[in-house]
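We did not get these values from a lab; they are worked out from the coordinates using the rules stated. This one's a predicted model, so the numbers in the text were calculated from it and none came from an experiment. No Cβ is skipped: glycine too gets one built from the backbone with ideal geometry, and neighbour counts run over all protein chains shown.
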Ligand code: RFL
Ligand code: PHB
């Protein structure tokens, strides 16, 4: 089998890259280790920056997002019950789109199926070869048979635990990492959201987030210890704890019900540099992880593959290596800005087990500054809504 670009991973990064390359007439094959249903069963991101929305629309996969997504003009922060709304329109003239990653993925899968471009699901033992030479290859096993794909380039879009980054010799890679001493316990419930906008709540018992997927489906998160056992978090315990951490008036409106999904995600900041090794590129979570507090992970996947598709289009259209040579530095600039913001939001809002009362006072002072200073609020909203490409 032969293609121009082999894409490893059918998450949002891989599927969107396939779509953007298709628009430039570039052939791709996507190899995914799981089934399509499994990929759609993962509940993850909910917030899209303006830029991600624009890219999805230009890729021709934005119709359902525009019809069903919720446009948000602001966000709330709450500290020990004190609540402050920040208006994106007023502060930075932008907005965000609340539309689940599951739906983005579903829309991208439907577009790929309609185009007839191949995606090979349940590909086992995916292995990358010869990406430092002119003819890279990818091998995998399916139905007990080993198969091979010869290509011009490989795009590693296979997430944090994927094979692509691991295929790079250790000496060629610099990795930066911070692991936070807590995780997020998330619950999805078919009930109207507690509030029309997201509430990020900092509380002495720990952080909580009220988010949503639609007018009838809500998503809530609680900061929990890294040792937390999900079996010990019954729905009742979750709702009781959430009520304690969010502002009292919001808690009074909370509509609860049986959880339809419940999972714990560890919080981590991670960057691998560079993002290109010969004819292999890394994009999305394969290259970097941000803690979810800043809502940046999916948005970075979108910006990475936008840059990468432009670089590859330039190569195939003009035989120019300029975009390919510049991909890593261009993407890393945006990645590090998102890393900084996600680290800052995480530090501002969570309880750290080893922190002193002094540091709690600093968090409160930072919140006070955000409420009081238009410049500080603008800086936060500028990063939250995402700068243009
Ligand atoms: P994905 O989505 O992990 O997809 C990678 C795909 O590669 C496949 N794969 C392999 N395929 C072949 N061979 C192998 N060896 C393979 N290994 C893995 C996997 O099965 C998978 O299908 O990475 P991608 O495409 O880079 O997308 C990144 C996003 O998923 C991620 O950054 C976001 O979900 C992060 N995130 C959020 N981002 C936002 O922008 N806004 C948010 O509000 C937001 N909230 C979140 C989040 C992530 C969370 N969790 C669970 C980590 C909330 C949570 C709780
Ligand atoms: C979500 O709705 O899943 C979500 C929203 C905002 C975040 C993280 C997750 O910062």
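Numerical summary
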{"read-out": "Contact order relative to length of the stretch 1-62, as percent, for alpha carbon pairs under 8 angstrom and 6 or more apart", "value": "32 percent"}
{"read-out": "Per-residue [θ]222 nm for the chain (sum of -39500 (n - 2.57) over DSSP H runs n ≥ 4, rounded to 500)", "value": "-12000 deg cm²/dmol"}
{"read-out": "Separation between Cα centres of the stretch 178-196 and the stretch 300-365, rounded to whole Å", "value": "22 Å"}
{"read-out": "Three-way shape label, the stretch 27-95, alpha-carbon gyration tensor, a/c 1.5", "value": "oblate"}
{"read-out": "The chain, relative contact order [Cα under 8 Å, separation at least 6], %", "value": "21 percent"}
{"read-out": "Gain on full stretching of the segment that runs from residue 35 to residue 134 - 0.36 nm per residue minus C-alpha separation", "value": "32.5 nm"}
{"read-out": "Length released on extending from residue 322 to residue 64, taking residue separation times 0.36 nm less the Cα-Cα span", "value": "89.3 nm"}
{"read-out": "Computed FRET value (nearest 0.05) for residue 145 with residue 170, which takes r as the C-beta separation and R₀ as 30 Å", "value": "0.45"}
{"read-out": "Beta bridges by DSSP in the chain, antiparallel share as percent, to the nearest 5", "value": "75 percent"}
{"read-out": "Choice from 165, 361, 334 showing the highest fluctuation, given a GNM over the chain with Cα pairs closer than 10 Å", "value": "361"}
{"read-out": "Likely footprinting exposure, 260, 43, 335, fewest C-beta neighbours within 10 Å first", "value": "260, 43, 335"}
{"read-out": "Cα gyration tensor, the stretch 75-114 - rounded (a/c under 1.5), prolate or oblate", "value": "oblate"}
{"read-out": "Residue-span extension gain [residue 110 to residue 234] - 0.36 nm each, minus C-alpha spacing", "value": "41.1 nm"}
{"read-out": "Set of the stretch 330-351 residues, backbone N closer than 17 Å to the point 7 Å along the Cα-Cβ line of residue 379", "value": "337-349"}
{"read-out": "Residues in the stretch 181-208 reached by a label modelled at residue 226 [backbone nitrogen below 11 Å; 7 Å Cα→Cβ]", "value": "181-183"}
{"read-out": "Residue order, fewest to most surrounding Cβ atoms within 10 angstrom, among 80, 304", "value": "80, 304"}
{"read-out": "The stretch 245-384, Cα convex hull volume normalised per residue, Å³", "value": "182 Å³"}
{"read-out": "Bins of 10 Å, starting at 0 and running to the largest distance - Cα pair percent for the chain", "value": "5, 23, 32, 24, 12, 4, 0"}
{"read-out": "Relative contact order [Cα under 8 Å, 6+ residues apart], the stretch 243-389, whole percent", "value": "19 percent"}
